[in-house]
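The values are calculated or read from the model by the stated rules, or taken from the named source; none is laboratory data. Since the model is a prediction, treat every value here as computed from it, not as a measurement. Here Cβ is always computed from backbone atoms with ideal geometry, including for glycine, and neighbour counts include all displayed protein chains. What goes into the accessible areas is simple: the full protein's heavy atoms, side chains included, and nothing from ligands, DNA or RNA. Shrake-Rupley method; radii C 1.70, N 1.55, O 1.52, S 1.80 Å.
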Amino acid sequence: MNKLWKLSEAKSDKLILIKNQTIYKGNLDPEKINKFNYNIETSTNNEIEKELFSIPYKYIKKIINQKGIKHIKIFFGKDSEEELNVEDEKIKNEIFDFLKDDIKGLKYKSELPTFLNYCKAQIFAILILTGVFIWSMYYAIEIDNGTVFELRGGGRIGLAGLVFILANLGKVKLIIGYSLFLGITLLSLFRKLKSRAERQILHR
């Protein structure tokens with residue numbers, strides 16, 4: 001089946017077309033969108049289709065649609081991924097449902113992402129940040145107690161060099177800096193958690 005969505009008010013992906021078992025998407029100017037009629041084979045249509053990014057069904061491995069997220073994510077080829085950007089939740093669900101019915105060979109499931117899988121980037125950032133802070137604070141305390149450290153490494157500043165530089169800022173600045181970055185990371189984590197919702201998945 002063929003299907004067309006004209007999203008002229010969208011910031012991107014103003015036209016989404018499904019034709020001949022291929023997904024087309026693109027950010028075209030309104031004049032071209034108005035001229036396009038997927039039911040009629042014309043040279044104008046063919047030229048417009050060439051300007052669109054295309055993903056044939058046979059290359060698609062997984063499609064994810066999540067409530068509150070303004071895109072449908074498509075995984076295809078070896079390690080490629082692309083997004084169908086659709087701000088209207090109703091239209092986004094309509095596109096996903098069409099693909100669900102139209103693409104043969106894809107299995108359907110719905111799931112709620114686990115806390116660890118959904119927020120692993122933020123959790124990893126907090127662990128690294130805390131580790132660097134503790135390490136730097138140890139050096140800062142030793143420096144305050146009169147211990148002299150020698151930085152080696154032939155001019156290359158690795159993680160140990162960075163920690164030593166941070167330690168020389170002093171305990172107060174370290175605490176302030178850590179608190180600031182931890183607060184930013186936690187804010188990002190809470191925002192991420194707010195968007196955690198059930199997602200619909202089509203997969204091979």
Subject >> Accessible area per residue, Å², the chain with all protein chains present, probe 1.4 Å >> reply: 64 Å²
Subject >> Candidates GLY26, GLY158, GLY183: whichever shows maximal mean-square fluctuation once the chain is modelled as a Gaussian network with Cα springs under 10 Å >> reply: GLY158
Original post:
Ranked highest first by the average count of other Cβ atoms within 10 Å around their residues, in what order do 53-65, 101-113 fall?
Top reply: 53-65, 101-113
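Carbon and sulfur atoms: what percent of the 1.4 Å accessible area of the chain do they account for? Intermediate values should be presented prior to the final figure.
Values: 7250 of 12990 Å².
Carbon with sulfur: 56 percent of the solvent-accessible area.
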**OP:** May I ask which residue of ASN46, TYR108, PHE133 lies farthest towards the positive end of the charge dipole of the chain, with charges of +1 (Lys, Arg) and -1 (Asp, Glu) on Cβ and the Cα centre as origin?
**Re:** TYR108
**OP:** With volume of the Cα convex hull per residue in Å³ defined as stated, name the option among (1) 140; (2) 180; (3) 158 computed from the structure displayed.
**Re:** (2)
